[in-house]
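The values are calculated or read from the model by the stated rules, or taken from the named source; none is laboratory data. Since we're looking at a predicted model, the values are computed, not measured. Every residue, glycine among them, receives a Cβ derived from its backbone with ideal geometry; neighbour counts consider all protein chains shown. Heavy atoms of the whole protein, side chains included, go into the accessibility calculation; ligands, DNA and RNA do not. Shrake-Rupley method; radii C 1.70, N 1.55, O 1.52, S 1.80 Å.
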Amino acid sequence: MSILLEIQGLQTFYGPSQVLFNVNLTIQEGQVATLLGRNGMGKTTTVRSILGLTPARKGLISFAGRRIEALPPEQIAALGIAVVPEGRQIFPNLTVKENLIAFAANRNQSPQPWTLPRIYEIFPRLQERQHNLGNQLSGGEQQMLAIGRALMTNPRLLILDEATEGLAPLLREEIWRVLRLLKQSGQTILVIDKYVERLIALADQHTILERGRVVWQGNSEALGAQPELWKRYLSV
Amino acid sequence: MPRNWPIPLVLLGLLLVFPPIASATGLEFYTGLVTKIMIFALAASSLNLILGYGGMVSFGHAAYFGVGAYAAAILAREGVSSAWVIWPVAMVLSGLLAFLIGAICLRTRGVYFIMITLAFAQMIYFLVVSFKQYGGEDGLRARRPDFGLFELSDTTLYYLTLAVLTAVLYALYRLVNSRFGRVLQAIRENESRAATIGYPVYQFQLAAFVIAGVLAGLAGVLMAHYTQYASPNLLAWQQSGHLMMMVILGGVGQFWGGVLGAATLLIVEEILQDLTIYWQLGVGLILLLIVLFAPMGIAGLFGRRAR
Amino acid sequence: MSLLVIEHLTRQFGGLAAVNDCNLTVEPGEVHALIGPNGAGKTTLINLISGVLPPTKGRIYFDGHDITHTPQHQRVRLGLARTFQITNLFKRYTVLENLELAVQARSGSSFRFWSPVKREKGLREEAEQIAELLGLTARNHTEVAQLSHGEQRQLEVGLALACQPKMLLLDEPMAGMGPEESGRMVELIAKLGQSVTILLVEHDMDAVFRLARRISVLVYGQVIASGPPEEIRAHPDVHKAYLGDDPGGKHA
Amino acid sequence: MKRILWLMVLLGLAGFSLSLAQPRTVKIGFVSTLSGGGAALGIDARDGFNLAVRLLNNQLGGLPVEVIVADDQQNPDVARQAVDRMLKRERVDFMTGIIFSNILLAVGDAIFEEKIHYISLNAGPSEYAGERCNPYFFNVAWQNDNLHEAMGQYVNTRRFENVFILAPNYPAGRDALTGFKRFYKGKIAAEVYNRLNQLDFSAEIAQIRAAKPKAVYTFQPGAMGVNFIKQYAEAGLLREIPLFLPGFSADADVIRAVGRPMVGIYNSSHWALELNNPVNQRFVEEFRKAYNRTPTLYASQGYDAALMLDAAIRAVGGDVSRKDDLRKAFLAGFNSTRGPLKFNPNGYPIQNYYLRQVVQAPNGEIINRLAGNIFSNHSDAYVSQCKLK
Amino acid sequence: MLNGVQFGLMLFLLAAGLTLVFGIMDMINLAHGSLYMIGAYLTATFVGITGVFWLGVLLAVVGTALIGMLLEFSILRQLYRRDHLSQVLATFALILIINEVVRIIWGSQPLLLSAPEGLSGPIEILPGLNYSAFRLTIIGVGLVVAMGLFLLVNNTRVGMWLRAGASNREMAQAMGVPIKPLFTLLFGVGAALCAIAGAFLGPILAVQVGMGESILILAFVVIVIGGIGSVKGALVGALLVGIVDTAGRAFLPLLLSQVASPEVASNLGPALASILIYLLMAVVLFFKPQGLFPART
Ligand SMILES: Nc1ncnc2c1ncn2[C@@H]1O[C@H](COP(=O)(O)OP(=O)(O)OP(=O)(O)O)[C@@H](O)[C@H]1O
Ligand SMILES: Nc1ncnc2c1ncn2[C@@H]1O[C@H](COP(=O)(O)OP(=O)(O)OP(=O)(O)O)[C@@H](O)[C@H]1O
Ligand SMILES: CC(C)C[C@H](N)C(=O)O
Ligand SMILES: [Mg+2]
Ligand SMILES: [Mg+2]
């Protein structure tokens, strides 16, 4: 297994205020990794730095052997990173179908890429609403669309930032099932979510952030065995 | 008065002594210029009320301005010479017009609002142009009215305008800090939330629209007195645009925005016109620099935060 | 007498009936949860009740009044206040200013053009009380845009509270909140539930089962079941359409 | 706020230095249309005026002259501001230059009230010819109706029935059709007014086609004329229905723009290139030399305006404060490009009106040729309503 | 009628560019009319130099597109993030600047531009009905461009990217869309459309300073009636406005003269005709506050 994403000494600022302090993170090809931490600890910011949306002020990020910390977001995306962003951010002025096909690609060179029919298969609701504009969807439907949109680019690294927010219980289960399938097919994933038990079952390695610093890193077994960690850093 | 109240007071003092000094030094022309600036300051401030404080980007504000001027001119033409009749009638008329137009236009939002206010202003423009008995495209001469108390010369008009501007600005200052003013600004900030906490958004907006219309009408009356003429240009869309430029330049939703914008734009135009026939190039460059480097307009440069 | 009665309410978006011949009653004093799959029409229903959208068909009665065609602001006057699924605040105002605005809306006419509103002590004091109730006092003078997501969600509820409503419509108040903040919100709602009638839309089943005295299940715009929590938990259709085998689940 | 104070101080200084202007020069305020669709007219008039001043050694009536030029952009408001500046700030002694009647009407009263003589070199509205005639107003060119009267007379004698007449809806446009109808006695197919500064005439051309007239008469000043004729030709109507024009819409400027389709068109004028008098010959020759183009009637009018001022200022011995004597001197007339020119009490001239035809000269150049005389010593129709002596 | 269509299609060319820039890039560009003017001036100049109409048009279109892109690159780019009012002020300033620059380069007299030789005459489209060949060409060009644009915006991925980028720039980038060059390009396309309109209206109207402003208002009316951001809306709106305006001017005075004296008719007629399009807009907005084809925003 080779390293797909490597972050070293990442420091990120919003204007004058520093949010990330020396974050290190390594994800192997085919692994599922998580970022954990309470509200406002810097999880989303880490993602934004990877994507080039809030570029790192210091530190290096390499993806598939290429330095990317100075690249513009569109080039990073083209290398094969896709995100299901916090707050969905679907395109309101594109139809559901357009939201899905506009960015379709096979950046992963996957033999069985995600296609429109496959997305509709897991989210039948999207097919029903396919000619509606993005902003005419309910909150949960928008969430499904955001997931579908990211899958359609067949990324080498899929990032899910609170992808289950606002989804009904049944659907939430569906998402976990899909993630398991993805993992089986070798997809590399970085997940942020609040359902820790689910994450332990799914992921290989975990990183806990506290005020922009990595305070713990380890595998599922270790995390599962240390409920005091949960209490301390995740207040569960 | 705002924190920096001494500045307006000093300015007021200077304006009070300006005409005698100007005529002593043979610069009566500038008394006229300052009168004009004050009239536009009044009109721009009225627009700033709805555009800046109310978030209603009206692209038809010249309509009320022009209707005020025309009301004055037409009444004068029909033999009404008392300002005590002309002023109220003109203000009521422009207010009424603002009410009708506002009532319809406030159904729309955003650019659609901009364009529908423009549409109504254009209709009024063309209507006025088609009234040949009142000059049509050529405009109408407007004799200065009779105030009873004093003769309306260039100088008394100057002081009258100064008095009106001061009074209106004070009233506006009270207004934007009153309950009404606060709601108006809250609606601009977040209309849907204002409605969900129980404000009848439409009524607030309409009320502000009418107040602005009345004040613009008043400015129009003064304009007619000043030029002794009512021209359809006063209602043309370029005029609305000019007023908008003043407000944006001065500072949208900044209390002194209208005044500063009117003064700056008119003075810059005046100076550059003297220097070169390509003066608009200069005006354009200055405007562009201001937008690029002073996002909150000139008033914003003085450090008061916009809301 | 029921506080809120919805009869044959329908809202059509083009060909889609987001709310479809829906009937629902809410009794005074109860915390009533409204659950259902994504896109079932919950938000649409809240929009209809609060007057953001006009219905295509049907009637809405509140506190004995037919409010089907009553404008939004008058519904607030009658005692019906709501929060938004997507935070909807006066972003560039401080917490207190937000609350004062809401208090002012309720206390006397706002068509007052002359006297400075800043001098009205009453408004300020009441706003401070609400902030205290929310536990936001420390943030009183912070611009809303700088609050954390959770704090904003709390202020969402605060604005509705400032209207002194008889009934609160809460649309996914917990969405996007971490466990800590969720916990605090559940407590707040529980406390409010003692004095105000609440209609709660929420996907967080923990919270729903903790708070609700009655639950209605909306599917394809229609209420398919309505009853006390145990009954709903056991309802086979509800399982199929909504709950799946969600354990209520622990989360981080 | 500080910035404003600062600006005001600056303004004050600027004004002060201006007020130190020296005496003994005549100041002429020349407000004209120098940009937009009517620019060609104003530019020709200005060039004519300047040419005359230059040939008079930069003096008028023996006094050194300062000509202050401003562009009115064919906009009454801009004109009002420019005039205001001329009167109040520059304190000019005479004014001239305005091309368009609506502009003149917007500023006239302000000028007369300051007791400044206005010498119109083009705009000749009927408003100032009749009851509202004014002792401070003179027109060196014509009354607006005149050229159209001449064309009406000519079309009448050619016995065209059913003429379609068209003009812009503004004072001079209305004067134009009034003038035409005063002498044309046949049937009018339709009388249509278009917008001033309109450039697309497809609607009007459609109307003409529908009305099936035997001839068309239209007055369209400046770029409007160019466009009308081009579009009329493009629509194929020029071959079907003859077009008659006043000299305004068929002079050298229009010919330059439209070219060959103009050939054959008849038009009326009070002036022509080949008028045989020394003043005109010098004018035409010097104008061609100075500006390298054929002068138009507007240029001749500008030239004449300067000559008229020259004569009157000379007559009062350079004392331009003697307003009454100045008026007498203006009325007495002067020697113009059209020969000796006399004025009616309303300030409008008494002169001949000619028929011209656009032809292709043997050298290939397309020019206007004198083709006859329509009126001799013709006055305007309003003079009897003017109470001035 | 045909005139209305022809005028409408020209308006469409302008309006389409405007609606693209406005609806898609969410940028109010008042200087759009100035690009139209530049297009006309360049056409006049290049036709003068080359002596071949079509070559002149081509050069002018390319030139205007380049100028447009340069503008975007140097100034407008900084305004995307600003509110609409700043954009209004900035682009208004650009109008003033461009007007004066054009005046300095070309003078304040209108330039002359004639229809190409072959098209300057009438042709018979129906027995007995002559119509200007040049205007017919305009109709053709307008229709072709309309089709092309419609396909580009609605049926291509580039179109989708543009729309996505307009509504959420950051997210579009995160999905891999190169927004900056794309927007510059789009702006160039808008400018090119302006140039086409300028090139073809030049021979009909006059090439002069200020030609952009009056028509700009009409273009705004068109896109608002049509619904901002919708190419189809711009087409329908433009045709409506073109036809209503031309028909109003041709028939209203006639109609009025049946009921009133020619004097009154001629006074009221043109005014009413001018009012008509604004009335049209007001009525459309009254019943459809988002325009006829509510755009997808
Ligand atoms: N645009 C911004 N400007 C300034 N500060 C910001 C901005 N966005 C986030 N922050 C701050 O950065 C810190 C980290 O935020 P981030 O969004 O990365 O947290 P998070 O771990 O994703 O939290 P959550 O679970 O609530 O999504 C927070 O303290 C937040 O207040
Ligand atoms: N403006 C609209 N135009 C068209 N369809 C709409 C519109 N608003 C909502 N819908 C549709 O109506 C249905 C109900 O939406 P609603 O937002 O009420 O769902 P919800 O129950 O709140 O779902 P969620 O739990 O995901 O928030 C959805 O299928 C949605 O796509
Ligand atoms: C001849 C035209 C150009 C001007 C016309 N005589 C007028 O007074 O307006
Ligand atoms: Mg986050
Ligand atoms: Mg919802």
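Annotations for the structure displayed:
- Residues that are away from ligand 4 (no atom under 16 Å from the Cβ), within 10 Å of chain E (Cβ to nearest Cβ) and touching a residue at least 40 places away in the same chain (Cβ under 8 Å), drawn from segment A:44-93: A:ALA77, A:LEU79, A:GLY80, A:ILE81, A:ALA82, A:ILE90, A:PHE91, A:PRO92, A:ASN93
- The listed residue being under 21 Å from C:ILE46 (Cβ atoms), facing chain B (nearest Cβ under 10 Å) and modelled with pLDDT of 90 or more, out of C:GLN104, C:GLN72: C:GLN72
- Contact map, segment B:194-220: residues that are within 13 Å of chain C (Cβ to nearest Cβ) paired with residues that are of a type in the set (Lys, Arg) and open to solvent by less than 10 Å² (accessible area, probe 1.4 Å), Cβ distance under 8 Å, separation 6+ or inter-chain. Pairs shown: B:THR196/C:ARG82.
- Single condition A:ILE68 does not satisfy, out of (1) open to solvent by 10 Å² or more (accessible area, probe 1.4 Å); (2) farther than 26 Å from E:LEU20 by Cβ: (1)
- Among the residues making up segment C:32-46, those that are more than 10 Å from C:GLU202 (Cα to Cα), within 6 Å of ligand 2 (Cβ to nearest atom) and not in a loop (DSSP other than H, G, I, E, B) are C:THR43, C:THR44.
- Members of segment E:155-199 that are of a type in the set (Ser, Thr, Tyr) and not in a helix (DSSP H, G or I): E:THR156
- Taking residues in segment D:255-279 that are more than 14 Å from every other protein chain (Cβ to nearest Cβ) and in contact (Cβ under 8 Å) with a residue 12 or more places away in the chain, and partners anywhere that are assigned to a helix (DSSP H, G or I) and open to solvent by 10 Å² or more (accessible area, probe 1.4 Å), the pairs with Cβ atoms closer than 7 Å and at least 6 places apart or on different chains are D:TYR266/D:TYR154; D:SER268/D:TYR154; D:LEU273/D:VAL284.
- Selection count, segment D:59-98, where residues are open to solvent by less than 30 Å² (accessible area, probe 1.4 Å), in a helix (DSSP H, G or I) and more than 25 Å from D:PRO168 (Cβ to Cβ): 2
- Here C:GLU7 does not fit the description of being more than 16 Å from ligand 1 (Cβ to nearest atom), under 15 Å from C:ILE215 (Cβ atoms) and open to solvent by 10 Å² or more (accessible area, probe 1.4 Å).
- Scanning segment E:29-70 for residues that are on the phi < 0 side of the Ramachandran plot, in a loop (DSSP other than H, G, I, E, B) and surrounded by fewer than 23 Cβ atoms within 10 Å (Cβ to Cβ) turns up E:LEU30, E:VAL52.
- Criterion: buried (at least 17 other Cβ atoms within 10 Å of the Cβ) and under 19 Å from E:ILE95 (Cα atoms) - qualifying residue of B:LEU265, B:LEU285, B:LEU292: B:LEU265
Per-residue answers, yes or no, for (1) away from ligand 1 (no atom under 16 Å from the Cβ); (2) out of contact with any strand residue (DSSP E or B) (no Cβ under 6 Å at 6 or more places or on another chain); (3) outside the structural domain of D:ARG288 (by TED's automatic domain parsing); (4) among the acidic types (Asp, Glu):
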residue	(1), (2), (3), (4)
D:LEU41	yes, yes, no, no
D:ALA52	yes, yes, no, no
D:GLY62	yes, yes, no, no
D:ASP77	yes, yes, no, yes
D:GLY97	yes, no, no, no
D:SER101	yes, yes, no, no
D:ALA110	yes, yes, no, no
D:SER126	yes, yes, no, no
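- Taking segment D:99-113 as the range and being part of a loop (DSSP other than H, G, I, E, B) and within 13 Å of another protein chain (Cβ to nearest Cβ) as the test, only D:PHE100 passes.
- Top-ranked residue in segment E:184-214 [being within 14 Å of chain D (Cβ to nearest Cβ) and small (Gly, Ala, Ser); ranked as nearest to E:ASN29 (Cα to Cα)]: E:GLY212
- Residue in segment A:7-16 that is more than 16 Å from ligand 3 (Cβ to nearest atom), open to solvent by less than 10 Å² (accessible area, probe 1.4 Å), assigned to a loop (DSSP other than H, G, I, E, B) and assigned by TED's automatic domain parsing to the domain that holds A:LEU160 present: no
- Test for B:THR227: is it of a type in the set (Ser, Thr, Tyr) and either modelled with pLDDT of 90 or more or in contact with a Phe, Trp or Tyr (Cβ under 9 Å, 6 or more places away or on another chain) (or both): no
- Against the test of being more than 11 Å from chain E (Cβ to nearest Cβ), within 16 Å of ligand 2 (Cβ to nearest atom) and not hydrophobic (A, V, I, L, M, F, W, C), the options A:TYR14, A:TYR120 yield a single qualifying residue, A:TYR120.
- In the set (1) touching a strand residue (DSSP E or B) at 6+ places or on another chain (Cβ under 8 Å); (2) away from every other protein chain (no Cβ under 14 Å); (3) among the hydrophobic types (A, V, I, L, M, F, W, C), A:ILE192 fails one condition alone, (2).
- Top-ranked residue in segment C:167-203 [being touching a helix residue (DSSP H, G or I) at 6+ places or on another chain (Cβ under 6 Å) and within 16 Å of ligand 2 (Cβ to nearest atom); ranked as nearest to the other protein chains (Cβ to nearest Cβ)]: C:GLY176
- Residue among D:ARG174, D:ARG182 that alone is part of a helix (DSSP H, G or I), in contact with a strand residue (DSSP E or B) (Cβ under 9 Å, 6 or more places away or on another chain) and either over 11 Å from D:GLY152 (Cα atoms) or in the same structural domain as D:GLN220 (by TED's automatic domain parsing) (or both): D:ARG174
- Number of residues in segment E:218-229 that are open to solvent by 10 Å² or more (accessible area, probe 1.4 Å) and out of contact with any Ser or Thr (no Cβ under 8 Å at 6 or more places or on another chain) equals 2.
- Taken over segment B:125-153, the residue count meeting the criterion of being farther than 27 Å from D:GLN74 by Cα and acidic (Asp, Glu) is 2.
- Considering residues of segment A:105-143 that are among the small types (Gly, Ala, Ser) and surrounded by 19 or more Cβ atoms within 10 Å (Cβ to Cβ) only, the residue nearest to ligand 4 (Cβ to nearest atom): A:GLY139
- Leading residue by the ranking (farthest from ligand 1 (Cβ to nearest atom)) among those in segment C:154-166 that are closer than 18 Å to C:LEU34 by Cβ and within 11 Å of another protein chain (Cβ to nearest Cβ): C:PRO165
- Single unsatisfied condition, A:VAL83 versus (1) part of a strand (DSSP E or B); (2) within 16 Å of ligand 1 (Cβ to nearest atom); (3) over 15 Å from the mean Cα position of the chain (by Cα): (3)
- Segment D:301-328: number of residues that are open to solvent by less than 20 Å² (accessible area, probe 1.4 Å) and out of contact with any Leu (no Cβ under 9 Å at 6 or more places or on another chain): 1
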